[in-house]
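We did not get these values from a lab; they are worked out from the coordinates using the rules stated. All values derive from a computational prediction rather than experimental measurement. Please note: Cβ atoms are built from the backbone with ideal geometry, for glycine as well, and neighbour counts cover all protein chains shown.
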Amino acid sequence: MTAEADKSKQAVTVKCASCNGPMSSPAFCDHCRNLYPADGLSHFELLGFEPSYDIDNQALRQKYLQVSRGVHPDHHGESGSSLSLRLSAQLNEANRILSDPVLRAEYLLELLGGPSAAQDRSVPPEVLSTTLMLREEIQEAGVTGDNAVLNDCRTRVRECLAVLLATISDLAVQLPGDDDLRSELRTALNSVKYYQRLFDVL
Amino acid sequence: MAYNNKLIDHFQNPRNVGSLDRDDPNVGTGIVGAPECGDVMKLQIQVDDNDNIIDAKFKTFGCGSAIASSSLATEWIKGRKLDEALEIKNTDIVQELALPPVKIHCSVLAEDAVRAAVADLKAKAARKKQENTEAAPAAQ
């Protein structure tokens, strides 16, 4: 049992300091509607999840909506409004990161100590040559207005992204893992950016 | 801060855009990328039999600063000895083009591309040497 897992369990079952009722998020008591600052809490903790890649998207969405409703500025008068605004923004950000498989893997890796993209910029040479080739084809097709080629490029980028995404999710569920696993995940996350960028020009 | 004229000139009229034959033993190819932004840069150099760089070409898919940096780099390495090409530092590019801090990674990319192209060429030469002189050890 790791310290992180312990902490997240606590976050899920924490009791309200005001009414001692159970809280589904450390930011909000469902029972007495008290708000608590959540500075320094991870996105996972804020939404009451264990820090793990394996998240039930439906459960995440439900939890996000439930807690957001609870902390919403409309339900909190003068005194609570600034905290309520801050928590709402924090919840939106947590939901944005955790609901996206790539951002979630990136965030979890960072949370567990990296390496970050700045620390490890490695990317397989074939990713660079493939994206370069695709870019050349896209540029040429753009000049000649060849939509068939552009569509074909789109399909190929989508396929490459799907393969990478499967790799990322395969690796990310094994986090924290060893150094090799983390650097493999780092490389896959670095690679995704090159393909995502292609959609900007497609 | 406005971009300086040299940078705008290299961006609008990039020098040495294009490709050289990858399979030519006298051509070295470097492909590098910036994971922060997904920019990709290909830089190729061609040498004569005395390791003089007689041609350089690039293709860069990225921002104006990345294009200008690689354009300038190809201009600078043409006519140099292979090893002298490695003396080009990203800071020289930053200074020449007055790149703002957020664009410094573009100059790093250009320096990396030159290094990768030189390394590719040297690896090719080493392979050729090995094939040709399997019997006689290379005198270094």
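A few notes on this one:
- Sequence-separation-based contact order of the range B:5-124, relative, with Cα cut under 8 Å and 6+ spacing, percent: 31 percent
- With bins 5 Å wide beginning at 0, the percent of Cα pairs of the range A:125-198 falling in each bin runs 3, 15, 23, 20, 14, 10, 7, 4, 3, 1.
- Cα centroids of the range B:48-62 and the range A:36-54: 52 Å apart.
- Computed over chain A, relative contact order equals 17 percent, with contacts defined as Cα pairs under 8 Å that lie 6+ residues apart.
- Beta bridges assigned by DSSP with both partners in the protein assembly as shown are antiparallel in approximately 95 percent of cases.
- Computed log10 I(q)/I(0) for the range B:5-124 at 0.14, 0.16 Å⁻¹: -0.49, -0.64, from the Debye equation with unit scatterers placed on every C-alpha and solvent omitted.
- Counting beta carbons within 10 Å around each of A:THR131, B:THR29, B:THR133, A:THR144 and listing the fewest first gives the order A:THR144, B:THR133, B:THR29, A:THR131.
- Stokes-Einstein translational diffusion, the protein assembly as shown - Kirkwood Rh over all Cα pairs, 1.002 mPa s, 20 °C, in µm²/s: 91 µm²/s
- Neighbouring partner chain Cβ atoms per residue of A:125-132, average, 10 Å criterion: 5
- In order along the range A:48-63, the phi-based Karplus estimate (6.51 cos²θ - 1.76 cosθ + 1.60, θ = phi - 60°) of 3J(HN,Hα) comes to x, 10, 6, x, 8, 5, 6, 10, 6, 4, 5, 5, 4, 4, 4, 5 Hz; Gly and Pro are listed as x.
- Calculated mean residue ellipticity, 222 nm, chain B: -14000 deg cm²/dmol, from DSSP H runs (n ≥ 4) at -39500 (n - 2.57) each, averaged per residue and rounded to 500.
- Surface/4 of the Cα convex hull for chain A, nm²: 14.2 nm²
- Comparing Cα centroids, the range B:94-136 and the range A:138-152 end up 31 angstrom apart.
- Rounded to the nearest 10 degrees, the angle from helix A:101-111 to the longest Cα principal axis of chain A is 60 degrees.
- Listed residues A:CYS16, B:ASN13, A:GLN196: farthest to the positive end of the dipole of the protein assembly as shown (Cβ charges): A:CYS16
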